[in-house]
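J.: Let me give you the structure first, and then I'll get to my questions.
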Amino acid sequence: TWGRLDRLVESAQRRGVELLVTLTGPVPTWATKRRRGHLNTPSAREFGRWATAVARRYGDRVDLWSIWNEPNHPEFLKPQYGKGRSPKSPGIYRKLYIAAEKAIHGAPGGSRDKVLFGETAPIGNQNLVSPLGFLRGATCLNSDYNKTRSCAKLRVDGYAHHAYTRKEGPNFRHEDADDVSIGALDRLVRALDRAGRRGVIDRRVPIYLTEFGIQSHPDRIAGVSRGRQAEYLAIAERIAYANPRVAAFSQYLMKDDKPRKGPRIQRYSGFETGLKTSSGRRKPAYDAFMLPLAVKRYGGSDVLWGRVRPATGPTRVTIQHKVRGGRWKRLQVVETSGVFGLRASHRNGQRYRVRWTRPGGGTVTGPPIRAY
């Protein structure tokens, strides 16, 4: 049944929105190895046939493809581990990826399409294979180098990753060196470079952060305040922007998941990463995503980084500041075509914000931002 997807693709095309399409499970039971469940060792052959059908139908309108959502997570692919706790999902994924990549690049006009590898979740444990352990397994680098010669080089146009962090903020780094949050992107860069040097993928493969967000209240377990969500989102984007290997940064979700039934611990156990609440009310992060502003203290100075989204040409933004109890005052007017930066004197309790009058009319004001 193509109807709903046809309408979505056509609607996006009319609005000039570029498309990233992720081909993923669940799959029909008959398309699994033992005809059991919808995630258990999906048939690479059937997946490739399906990818061919999708690529033939939408290939001329898709800008970017990605293969399988979070294949290192048991909610999306099984089994994750085999006997003796050896990772199983990387080998399953490798076959699925090869089948889909060949199908897409073999479709009419698809030879130049970019296909992303990975789409990994940020952590590993007894249930999830860590992202870097998954990368090594899927590229045959978990064995010694001589054995990788029998493992053909993969065509990988980019590595997709979901670099979620914890309540501690974007600078948090997991203790496990194989986990990759937004504050530990250097680990993923080194792992990709190692794979490139071994010749199992191309060198300097770019990173696409295809899913990212900051959990906020009303989730009191994993979420931060809504004001802090706006600040953390901007810091995370600055980290991504400063990394030359990052080719894309995305926001997930637009609107929070609806509350679930059951006790409070389950009520907000979904994703509260939206720019709006589940009822549609805008959070501070809504305008902050349009006008992200990150402020970092260096001694007696605050260094500001920000951007205007979307700025399709030169535009002007006003940077304002105030000290606790005072009024907002103009700090500087900046001309930019997107990203800007400036330095200001640090003062305790000082807050900053951005105001932008859009070319089509209407003024957007970002939320107050503190220095970190």
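Please treat every number below as a calculation from the coordinates, not as lab data. Keep in mind it's a predicted model, so treat the numbers as computed, not measured. Counting neighbours? That spans all protein chains shown, and the Cβs are built from the backbone with ideal geometry, glycine included.
J.: Kindly state, as a whole number, the per residue volume in cubic angstrom of the convex hull around the alpha carbon atoms of segment 46-165.
T.: 117
J.: Give me D for segment 272-372 in µm² s⁻¹, whole number, from Stokes-Einstein with Rh from the Kirkwood sum over alpha-carbon pairs, 37 °C and 0.692 mPa s.
T.: The estimated diffusion coefficient comes to 231 µm²/s.
J.: Based on the Cβ-Cβ distance of Arg57 and Gln332, what FRET efficiency does E = 1/(1 + (r/R0)^6) give at R0 = 56 Å, to the nearest 0.05?
T.: With R0 = 56 Å, the Cβ-Cβ based efficiency is 0.65.
J.: Still on this model: Restricting things to Cα coordinates, could you compute the convex hull volume per residue of segment 109-246 in Å³?
T.: That works out to 132 Å³ per residue.
J.: Gaussian network model of the chain, Cα springs within a sub-10 Å range: biggest mean-square fluctuation belongs to which of Gly361, Gly48, Gly109?
T.: Residue with maximal mean-square fluctuation among Gly361, Gly48, Gly109: Gly361.
J.: If the limit is 23 Å between Cα atoms, which of Lys78/Lys255; Lys255/Lys322; Lys78/Lys258; Lys95/Lys153; Lys167/Lys258; Lys88/Lys261 go over it?
T.: Going by Cα-Cα distance, Lys78/Lys255; Lys255/Lys322; Lys78/Lys258; Lys88/Lys261 fall outside the 23 Å limit.
J.: A further question follows. Take every Cα-Cα pair in segment 170-221 and report what % of them are more than 14 Å apart.
T.: Value for segment 170-221: 63 percent of Cα pairs lie more than 14 Å apart.
J.: Continuing with the same structure: Go through segment 341-357 residue by residue and turn each phi into a ³J(HN,Hα) via Karplus (6.51, -1.76, 1.60, θ = phi - 60°); whole Hz please, and just put x for glycine and proline.
T.: Coupling constants for segment 341-357: x, 7, 10, 9, 6, 7, 9, 4, x, 6, 10, 10, 7, 10, 10, 9, 9 Hz.
J.: Another one. Would you pull out the residues with amide H under 5 Å of Ile207's amide H, same chain only if 5 or more places away, H placed 1.01 Å from N?
T.: Tyr159, Val246, Ala247
J.: Okay, next question. ³J(HN,Hα) across segment 113-125 via Karplus (A = 6.51, B = -1.76, C = 1.60, θ = phi - 60°), whole Hz, x for Gly/Pro?
T.: Each residue of segment 113-125 in turn: 4, 8, 10, 9, 9, x, 6, 7, 6, x, 10, x, 7 Hz.
J.: What percent do you get for the relative contact order of segment 215-270 when only Cα pairs under 8 Å and 6+ apart count?
T.: Relative contact order, segment 215-270: 25 percent.
J.: Taking a cut-off of 35 Å, what percent of all Cα-Cα pairs in the chain are separated by more than that?
T.: The answer is 31 percent, as a whole percent.
J.: Subtract the Cα-Cα distance of Arg281 and His217 from 0.36 nm times their separation in residues, and report this length gain in nm to one decimal.
T.: So the extension gain works out to 21.7 nm.
J.: Once you sort the root eigenvalues of the Cα gyration tensor of segment 183-303 as a ≥ b ≥ c, which label holds: rounded (a/c under 1.5), prolate (a/b larger than b/c) or oblate (the other case)?
T.: Because a/c hits 1.5 or more and a/b fails to exceed b/c, segment 183-303 counts as oblate.
J.: Put +1 on the Cβ of every Lys and Arg and -1 on every Asp and Glu Cβ in the chain; which of Val364, Thr29, Ile201 then has its Cα farthest towards the positive end of the dipole?
T.: Val364
J.: Related question: Using a Förster radius of 30 Å, what is the FRET efficiency between Asn171 and Trp30 based on their Cβ-Cβ separation? Nearest 0.05, please.
T.: 0.05
J.: Taking θ as phi - 60°, what are the ³J(HN,Hα) couplings along segment 20-36 by the Karplus curve (6.51, -1.76, 1.60), each to the nearest whole Hz, with x for Gly and Pro?
T.: Listing the rounded values in order: 10, 10, 9, 8, 8, x, x, 10, x, 4, 5, 9, 9, 4, 10, 6, 9 Hz.
J.: Now for a different question. If I build a Gaussian network model for the chain, linking alpha-carbon pairs within less than 10 angstrom, which residue out of Thr120, Thr52, Thr165 has the largest mean-square fluctuation?
T.: Thr52
J.: Now for a different question. Can you give me the C-alpha center-to-center distance between segment 245-271 and segment 156-188, rounded to a whole angstrom?
T.: Cα centres, segment 245-271 to segment 156-188: 18 Å.
J.: Still on this structure, please answer the following. Amide H of Phe271 versus every other amide H placed in the peptide plane: which residues, excluding those fewer than 5 positions away on the same chain, fall under 5 Å?
T.: Amide H neighbours of Phe271: Asp257.
J.: For segment 94-145, what ratio Rg/Rh do Cα atoms give with a Kirkwood hydrodynamic radius?
T.: With Rh from the inverse mean 1/r over Cα pairs, Rg/Rh is 1.09.
J.: Now for a separate question. Explain nothing, just the number: relative contact order of the chain, from Cα pairs under 8 Å at least 6 residues apart, as a whole percent.
T.: 9
J.: If you don't mind, there's one more thing I want to ask. Mind checking which of Leu275, Thr312, Ile182 is farthest towards the positive end of the chain's charge dipole, using Cβ charges of +1 (Lys, Arg) and -1 (Asp, Glu) about the Cα centre?
T.: The one lying farthest along the dipole's positive direction is Leu275.
J.: Expressed in nm to one decimal, what extension gain is obtained for the pair Ala152 and Ser111 from 0.36 nm per residue of sequence separation less their Cα-Cα distance?
T.: Roughly 12.8 nm would be gained on extension.
J.: Could you work out which residue, out of Tyr164, Tyr208, Tyr241, moves most in a Gaussian network model of the chain, that is, has the largest mean-square fluctuation with Cα springs under 10 Å?
T.: Maximum fluctuation in the GNM of the chain, among the listed residues, is at Tyr241.
J.: Give the relative contact order (percent, whole number) for segment 21-161; include only Cα pairs under 8 Å separated by 6+ residues.
T.: Here the relative contact order equals 25 percent.
J.: Right, something else. Non-local amide H neighbours of Ser278 (under 5 Å, H modeled in plane, Pro and chain starts lacking H): which ones?
T.: Amide H neighbours of Ser278: Asp256.
J.: Once both axes come from the Cα atoms, what is the angle between helix 3-14 and the longest principal axis of the chain, in degrees from 0 to 90, rounded to 10?
T.: 40
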